[in-house]
1. Could we say that Pro781 is under 20 Å from Gly324 (Cβ atoms), in contact (Cβ under 8 Å) with a residue 40 or more places away in the chain, more than 23 Å from the chain's Cα centre (by Cα) and not in a helix (DSSP H, G or I) here?
2. Can you tell me how many residues in the stretch 536-556 are in a helix (DSSP H, G or I) and either surrounded by fewer than 23 Cβ atoms within 10 Å (Cβ to Cβ) or in contact with a strand residue (DSSP E or B) (Cβ under 7 Å, 6 or more places away or on another chain) (or both)?
3. What is the one condition in (1) modelled with pLDDT under 65; (2) under 23 Å from Arg831 (Cβ atoms); (3) open to solvent by 20 Å² or more (accessible area, probe 1.4 Å) that Leu13 does not satisfy?
4. Being at pLDDT 95 or above and not small (Gly, Ala, Ser): is that true of Val686 here?
5. Every residue in the stretch 859-878 that is more than 27 Å from the chain's Cα centre (by Cα) and either of a type in the set (S, T, N, Q) or at pLDDT 90 or above (or both), please.
6. Select, from Gly225, Gly246, the only residue that is open to solvent by less than 10 Å² (accessible area, probe 1.4 Å), farther than 25 Å from Gly402 by Cβ and not hydrophobic (A, V, I, L, M, F, W, C).
7. Could you check, for the stretch 342-350, whether at least one of its residues is closer than 21 Å to Asp822 by Cα and either among the aromatic types (Phe, Trp, Tyr) or open to solvent by less than 30 Å² (accessible area, probe 1.4 Å) (or both)?
Amino acid sequence: MKNLLIALSLILLPSLGGLAQQSSKEKREARAKRAPRPQAVGPRVNENQATPVDRISAAEGFEVELIYSVPGETQGSWVNLCTDNKGRIIASDQYGGLYRFAPPAPGTTLDPASIKKIPADIRAANGLLWAFDALYVAVNDYESIIDSGVYRVTDSNGDDQLDKVEKLRAMKARGDHGVHALLLSPDKQSIYLITGNNTTPTEAQTSRVPRHWGEDHLLPRMPDGRGHNRDRLAPGGIIYKISPDGKDWEIVSSGYRNIFDGGFNRDGDLFTYDADMEYDINTSWYRPTRVCHVTSGSMWGWRNGTGKRPTFYPDTLPPVINIGPGSPTGATFGYGARFPAKFQEALYLLDWSWGKIYAVHLEPKSASYTATKETFVTGGPLPVTDAIIHPDDGAMYFAIGGRRVQSGLYRVTYIGDESTAPVQHDAVSGGKDRALVALRRDLEKLHKGPHADALDTAWPHLDHPDRFVRWAAMTAVQHQPAGQWTGRALAEPDHGKRVTALLALAKVSGIDPFHRQDSDPPADIALRNRLLDSLIEVDWSALNEAQRITLVRAYQVVLNRFGKPDDDAAVARIISQLDPHFPAPTFAQNWMLCETLAFLQAPSVAAKGMALIAESPTQEEQVEYARSLRMLETGWTTALRTAYFEWFLKAASFRGGASFSKFIEFVRNDAVASLNDAEKEELREVLAREPVIKSPIELLASTMEGRTFVKNWELDELSRAAQAKDAMVKRDFKKGRQMFAAGACFSCHRFRNEGGMTGPDLTGAGGRYSPHDLLDQIINPSKEINEQFVPIVLTKTDGSLVTGVVVNLGGDKVTVNTDMLDPNQRESIDRKLVKSIEPSPVSPMPPGMLNMMAQDEILDLLAYVLSGGDPENPMFVK
């Protein structure tokens, strides 16, 4: 082990610390070989001076201008932008009022004298929209000086001054996760309001989301270890559709964490950019920031603490694309921009903490979309808050600010050689996709109250292979009176349809314990028994992967909302149905089965669960199984119990977000509480043992323990091997996954909803890389660094250096993550003590990671990654 640590140190240290050893010439040459990055900066920024453009880079052919540095003491920190009916820009101070001005001529900056404060007595706008000859304002007042909610501001006497304020709806909100953006509907007849999960749901006359709110946890949820949002329950963040007069409200979609903005594409589909919970990083329930396709009645699964629904749950929906760690703010489409075609059609997403504007390129796929992303603008620090495309000059204007940091206004224009002619819009192309979109939309028409033909229309699609069509069908069924379809669901002969129908029935007929009111009737035990009997009849072998997960999820919802049967025989029947299929071939199935069987106190789950912990290559999987076993009281032997509590000693060295260690503590506390006095005495020694915390390098070494140096692999040699005839066909995917873990790839990279977030998500690598290109990235990581993860070198005025990634800002503080293997390792620096910030030419990914693998193992790794982890991928099946 000691020799292995020395070898790994020699591999890692040049990457983690080698920057300081490079000459200035080497740095310049390395930067020149890469795509544009933020340039080195000169002296530190003066007070009231926004980040200068030499700290900012943009996509090739684009130019960024700083047109105004906002004086914080008089105009605050700007967080929202819109244009009025005369093309003037309106900006809002997060803690103050509104300002209006005309954009400056090309090549010029904004004259401070041209900025006029709007006289309307309103403040703390987090959303602005000019529509129906008025300015609509979404107020999220942190200081509670005025009510949060939706307001309409107009000109009372025709003097071109916005001075009349009408409160259309007061709302309760707190902190950053409150009342946010306002969007004009595609038909220009109504307004959409975006709210975060700290906005108390307001009264709505109708709802496209069935209002059977539930947490639906089978085992007790663990709240956030740092106390964040412990009291917030479903439905989470909501998107409303409201009438121009503010009287008619409809819930369109729910289950978000903290959506700040959104945008409609040309086909009328709405997209939003939801926040992650960075405290959860490297847990099984962590979900990256992501783009959500906001379909009718959609529910996106946010619940507090460990309760977030993973994307494979049938009672939530998958994202269009995961973006990564960050703090989502503004979102807008590029329509009307004088940009090249692909940038006119892009969805732009603003990330406040990482200082980036992403261009997301959407592609229709089945009934929804898929997407790719690229960094459009980035800088350090660049706390971007909102962006608009100006209808007159076709430029993008974006603001930085928020949380009282220095604010500024920037303009982005295209100065390259490509055509900027307006794109001619084509509706969703492709016969199959067009038909599926039409089917989804037809089903969504049934999401408003009872329809006579809804059941016959929707029922055939309850087992549709497309998630969004299946969701639309299930939601349509849930909107019909349960008495009309209870018997049909219980007796449905197609078991694929039955499991979805029974999940829907459990939700509309049962009441979640967290949402039960004193006036609610008791649980219908007779219906519960009928539901369980129907589920027990389901033939596991007749179901596909998604349907098996739906079956187990239906059990979970029934048991949560109606209660566990007192009859041991009834419980034993469920166990006898599920237990033979555990463990299953996939993590998703094992997640569901382990949790459900542990709840039922199945006697075999202790041994099976511990075997999974022992063989799981990622800490996320291990944590999930340990969480499920924590309240299990049956099936344990002394050896299994000892191994379980020894796992906690190992897990103490795992790295994760700010709440990670508290979650591990909570799991252990629950596990100890499940022991009786005799068991505690028997396990006294292991319970008393203190963990030995390992360093990141020691943890990395443990993944390669037992392995020896093979050779210093060269790109050409491995590339030739990968390109040989049938070399990538029928590879060992299990071995490839083991190599992904052994190479510490999971430490930094997300793959199939597992792994770290300090490197690019590799799930879609097969669409970006050939085997040669992927090998080049691994062997020569500093040759081309992904622009989203370029580390910076921050030089202080005293000459000391801080290397890492800027992850947060607040007031005059810049927070840098200084350890790629530990997302919670951070250093906060006073901006006034920053002399310069420049990109590192050294990738945080170390070279030499393949040198302890044999050639066949490397090819298995390549096949596993490039296939997206799918052994049925036709590119890798002969």
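1. The answer is yes for Pro781.
2. Counting residues in the stretch 536-556 that are in a helix (DSSP H, G or I) and either surrounded by fewer than 23 Cβ atoms within 10 Å (Cβ to Cβ) or in contact with a strand residue (DSSP E or B) (Cβ under 7 Å, 6 or more places away or on another chain) (or both) gives 8.
3. All conditions are met except number (2).
4. yes
5. Filtering the stretch 859-878 down to residues more than 27 Å from the chain's Cα centre (by Cα) leaves 859-860, 874-878.
Hits for the stretch 859-878 are Leu859, Asp860.
6. Result: Gly246 is the single residue among Gly225, Gly246 that is open to solvent by less than 10 Å² (accessible area, probe 1.4 Å), farther than 25 Å from Gly402 by Cβ and not hydrophobic (A, V, I, L, M, F, W, C).
7. No, the stretch 342-350 contains no residue that is closer than 21 Å to Asp822 by Cα and either among the aromatic types (Phe, Trp, Tyr) or open to solvent by less than 30 Å² (accessible area, probe 1.4 Å) (or both).
The rows are residues; the columns are (1) open to solvent by less than 20 Å² (accessible area, probe 1.4 Å); (2) touching a residue at least 24 places away in the same chain (Cβ under 8 Å); (3) of a type in the set (Lys, Arg); (4) in contact with an Asp or Glu (Cβ under 7 Å, 6 or more places away or on another chain).
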residue: Gly236; (1), (2), (3), (4): yes, yes, no, no
residue: Ile242; (1), (2), (3), (4): yes, yes, no, yes
residue: Ser253; (1), (2), (3), (4): yes, yes, no, no
residue: Arg287; (1), (2), (3), (4): no, yes, yes, yes
residue: Trp300; (1), (2), (3), (4): yes, yes, no, yes
residue: Pro319; (1), (2), (3), (4): no, yes, no, no
residue: Asn322; (1), (2), (3), (4): no, yes, no, yes
residue: Pro328; (1), (2), (3), (4): yes, yes, no, yes
residue: Thr332; (1), (2), (3), (4): no, yes, no, no
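The values are calculated or read from the model by the stated rules, or taken from the named source; none is laboratory data. Keep in mind that what you see is a predicted model, and the values were worked out from it rather than measured. In this analysis, Cβ positions are derived from the backbone assuming ideal geometry, glycine residues included, and neighbour counts consider all displayed protein chains. Areas reflect the complete protein model, heavy atoms only, side chains present, ligands, DNA and RNA absent. Shrake-Rupley method; radii C 1.70, N 1.55, O 1.52, S 1.80 Å.
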